[in-house]
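Peer 1: I have a structure I would like to understand better, so I am pasting it below and will then ask my questions one at a time.
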Amino acid sequence: QVQLVQSGAEVKKPGASVKVSCEASGYTFTNYYIHWVRQGPGQGLEWMGMINPSGGRTNCAQKFQGRLTMTRDTSTTTVYMELSSLRSEDTAVYYCARSPTTSQLDNWGQGTLVTVSS
Amino acid sequence: DIQLTQSPSFLSASVGDRVTITCRASQGISSYLVWYQQKPGRAPKLLIYAASTLQSGVPSRFSGSGSGTEFTLTISSLQPEDFATYYCQQLNSYPLTFGGGTKVEIK
């Protein structure tokens with residue numbers, strides 16, 4: 001079955017970076033985009049960006065440009081999301097999710113809590 | 001960016017009620033609209049895509065309709081497991097924005 005398994009919770013200081021992984025299994029890795037969506041405490045969902053594992057092309061919301069880096073490793077079927085210059089407002093649960101090209105997000109990871117605190 | 005406005009943001013309903021949630025887009029998005037359900041502490045779950053197509057395994061009491069700028073999610077007979085928050089998302093253009101959510105609670 002399709003699985004997206006994310007790395008564990010992180011606590012970071014303001015100004016630091018965080019790197020979250022999303023390991024995919026149960027399907028052909030390069031046939032589906034991987035998206036990153038975050039959710040602040042008590043807040044709604046916010047789309048951050050996506051990567052096409054076939055070739056590595058990315059698309060990022062303007063809000064995160066310059067701070068968000070998404071990469072993939074096809075040998076381990078893992079996608080990485082790195083967010084830099086962290087501030088308290090980046091405290092959130094970060095989800096990866098897959099989609100068949102630009103389409104619905106049909107399977108989601110379990111989420112990774114990132115806490116930014118001094 | 002395309003803005004999605006959901007209404008209501010909160011609704012209180014009873015088991016067996018018919019519930020309708022609306023999602024309005026700031027510009028036309030054809031049928032590039034999906035609906036998710038999220039329960040506390042869980043990842044969102046895809047319910048409906050292409051505005052009206054039910055995802056495999058989702059109960060038939062859920063339905064979606066609309067195109068252009070106005071969309072609805074309807075639950076024909078609310079069940080206890082349906083109490084959750086519902087989000088719409090547009091896939092017409094980047095960034096792929098979400099609506100603000102509608103929390104459905106037990107009356």
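Peer 1: Quick check on the range B:80-107: of everything there that is among the aromatic types (Phe, Trp, Tyr) and either assigned to a strand (DSSP E or B) or more than 15 Å from the chain's Cα centre (by Cα) (or both), which residue is farthest from the other protein chains (Cβ to nearest Cβ)?
Peer 2: Residues of the range B:80-107 that are among the aromatic types (Phe, Trp, Tyr), as a first pass: B:83, B:86-87, B:94, B:98.
Pick out the ones that are also either assigned to a strand (DSSP E or B) or more than 15 Å from the chain's Cα centre (by Cα) (or both) and you get B:86-87, B:94, B:98.
Numbers: B:86: 11, B:87: 6, B:94: 5, B:98: 4 Å.
Among them, the one singled out is B:86.
Peer 1: Out of the range B:3-28, which residues are under 22 Å from residue A:108 (Cβ atoms) and hydrophobic (A, V, I, L, M, F, W, C)? Before the answer, list the steps.
Peer 2: From the range B:3-28, those under 22 Å from residue A:108 (Cβ atoms) are B:4, B:6, B:21, B:23; that's our starting set.
B:4, B:21, B:23, listed by residue number.
Peer 1: Which one of these is open to solvent by less than 20 Å² (accessible area, probe 1.4 Å), without any contact (Cβ under 8 Å) to a residue 60 or more places away in the chain, more than 10 Å from chain A (Cβ to nearest Cβ) and part of a strand (DSSP E or B): B:46, B:73? Don't jump to the end; show me each part of the working.
Peer 2: On the way: B:46 fails: more than 10 Å from chain A (Cβ to nearest Cβ).
Among B:46, B:73, only B:73 is open to solvent by less than 20 Å² (accessible area, probe 1.4 Å), without any contact (Cβ under 8 Å) to a residue 60 or more places away in the chain, more than 10 Å from chain A (Cβ to nearest Cβ) and part of a strand (DSSP E or B).
Peer 1: Can you tell me which residue in the range A:69-84 is nearest to the other protein chains (Cβ to nearest Cβ), limited to those that are without any contact (Cβ under 8 Å) to a residue 24 or more places away in the chain and within 20 Å of residue A:10 (Cα to Cα)? Break it down into steps so the answer makes sense when it comes.
Peer 2: Taking the range A:69-84 as the starting set, the residues that turn out to be without any contact (Cβ under 8 Å) to a residue 24 or more places away in the chain are A:69, A:71, A:73, A:75.
Within this subset, residues satisfying the condition of being within 20 Å of residue A:10 (Cα to Cα) are A:69, A:71.
Values: A:69: 17, A:71: 19 Å.
So the residue we want is A:69.
Peer 1: Condition first: open to solvent by 20 Å² or more (accessible area, probe 1.4 Å) and either within 14 Å of chain B (Cβ to nearest Cβ) or in a helix (DSSP H, G or I) (or both). Can you find one or more residues in the range A:45-54 that meet it?
Peer 2: Of all residues in the range A:45-54, those open to solvent by 20 Å² or more (accessible area, probe 1.4 Å) come to A:46, A:52, A:54.
Those left that are additionally either within 14 Å of chain B (Cβ to nearest Cβ) or in a helix (DSSP H, G or I) (or both): A:46, A:52.
The answer is yes; a qualifying residue exists.
Peer 1: Still on this model: Quick one: which residue in B:15, B:19, B:34 is touching a residue at least 24 places away in the same chain (Cβ under 8 Å), among the hydrophobic types (A, V, I, L, M, F, W, C), at the interface with chain A (Cβ under 10 Å from one of its Cβ atoms) and closer than 17 Å to residue B:75 by Cβ?
Peer 2: Details: B:15 fails: at the interface with chain A (Cβ under 10 Å from one of its Cβ atoms); B:19 fails: at the interface with chain A (Cβ under 10 Å from one of its Cβ atoms).
None of the other options fit; the residue is B:34.
Peer 1: With the requirement that a residue be open to solvent by 20 Å² or more (accessible area, probe 1.4 Å) and over 14 Å from residue A:31 (Cβ atoms), what does the range A:74-104 give you?
Peer 2: A:75, A:76, A:80, A:82, A:84, A:85, A:87, A:88, A:89, A:91, A:93, A:104
The values are calculated or read from the model by the stated rules, or taken from the named source; none is laboratory data. Only a predicted model underlies this, so the values are computations on that prediction, with no experimental measurement involved. A quick note on method: Cβ atoms are made from the backbone with ideal geometry, for glycine too, and the neighbour counts reach across all protein chains shown. Keep in mind that these areas ignore ligands, DNA and RNA; they rest on the heavy atoms of the full protein, side chains included. Shrake-Rupley method; radii C 1.70, N 1.55, O 1.52, S 1.80 Å.
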